[in-house]
Amino acid sequence: MFATMLKSVLKVFISFLMVVSPNLLTLLDMGEIPQGKTIDLSENGEFKLVWEDDFNGTELDRSKWAFSWWITERKGGYWHEDLVSVRDGNLVITAKYLDEPLENRYYDQWHNEIDFIDYKPGWYTGCITTQGTYEQCYGYYEVRCILPAATGMWSAFWMMNDKVVNVDGTGKDGTEVDIFESMYYKDHWWGNDAVISGIVYDGYGKEIKNASIGKVFVEGDPYTEFHTYGLEWNKDEYIFYLDGVETGRLTAGGVSQNPEYLLLSCEFAGDNGVQHSDRHGTGEISKTPEENWPAEFIVDYVRCYQYKDLIK
Ligand SMILES: [Ca+2]
Ligand SMILES: [Ca+2]
């Protein structure tokens, strides 16, 4: 009851802040699902399937995916390939606390360390990417998945290229496109059955720019049911989809005109491998209730389409 009241009061307060700051509007939008257009992936439509992984094997197909070896210690935890598996037709990225640290097999370019960073006891999960195996400019991208169910979990299907850090006042060189991010599980004070979608460009320093369509509410329970999250990307705009229906569009900064790679990841908010929610507000992870752990990000498939008229 108190939590509900607190939530209502905060919503009013946030609504007031939105008037003051348009950035908060994009960050904290609490609107309904917009009724946009429906994506047409039929043979008669404008798209052709050009790349997919249905995760039908018994291990990750390394011709399609790389483990994200370029970064090992990640925010409030560690990424490790042992937390990534394929079973029952799905990719499973597991998240859990380990008292016994795993061996770090990778040189960490992100931290410019000469030696491997020693992993410590802490929160472990994984990330896979098509960097170096599949990159594409424009098209339609879709994931079908169940989100990890625990406060503090931060799963995402997103795109990047190496020009995202290039500060030129635009996103045309490269833009981080967060097709969906799930960082507010429904136990969180303003969590619910929703994800957020948005873009980031001009790096991650003081020049960082971002835009978001805000919260997108899922009809049903994204933590126990499969839903699809999609992005249509053409030279003029990004169009986000939930279960095949448009949820919003973004054009800020100009749309990326360069190929980008895909990432599927789980993260924990924090710094230097230590979990805390201060910077991203995902909520503190708790080892209890024990039934929350291990949490699993379950992915049925990833599909990439291209506009037929862009295929030579
Ligand atoms: Ca730029
Ligand atoms: Ca599958």
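The values are calculated or read from the model by the stated rules, or taken from the named source; none is laboratory data. Treat the numbers as computed from the prediction; the structure is a model and nothing was measured. Positions of Cβ are generated from backbone atoms using ideal geometry, with glycine treated the same way; all protein chains shown enter the neighbour counts.
Tabulated data for the structure shown
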item	result
Failed item in (1) farther than 21 Å from ASN56 by Cα; (2) assigned to a strand (DSSP E or B), with CYS304 passing the rest	(1)
Qualifying residue in the stretch 130-144 (condition: touching a helix residue (DSSP H, G or I) at 6+ places or on another chain (Cβ under 6 Å), in contact (Cβ under 8 Å) with a residue 60 or more places away in the chain, assigned by TED's automatic domain parsing to the domain that holds ASP61 and of a type in the set (A, V, I, L, M, F, W, C))	no
Single residue of GLY203, GLY230, GLY214 found to be among the small types (Gly, Ala, Ser), over 26 Å from VAL84 (Cα atoms) and either touching a residue at least 40 places away in the same chain (Cβ under 8 Å) or part of a strand (DSSP E or B) (or both)	GLY214
Selection within the stretch 159-190 - of a type in the set (Asp, Glu) and near ligand 1 (Cβ under 7 Å from one of its atoms)	ASP168, ASP173
One residue from VAL177, VAL195, VAL143, VAL200 being under 15 Å from the mean Cα position of the chain (by Cα) and within 16 Å of ligand 2 (Cβ to nearest atom)	VAL143
Residue in the stretch 248-267 that is closer than 16 Å to ALA95 by Cβ, in contact (Cβ under 8 Å) with a residue 24 or more places away in the chain and among the aliphatic types (A, V, I, L, M) present	yes
Filter result for THR251 (more than 27 Å from SER68 (Cα to Cα) and surrounded by fewer than 14 Cβ atoms within 10 Å (Cβ to Cβ))	yes
Residue in the stretch 280-301 that is within 16 Å of ligand 1 (Cβ to nearest atom), among the charged types (D, E, K, R) and surrounded by 15 or more Cβ atoms within 10 Å (Cβ to Cβ) present	no
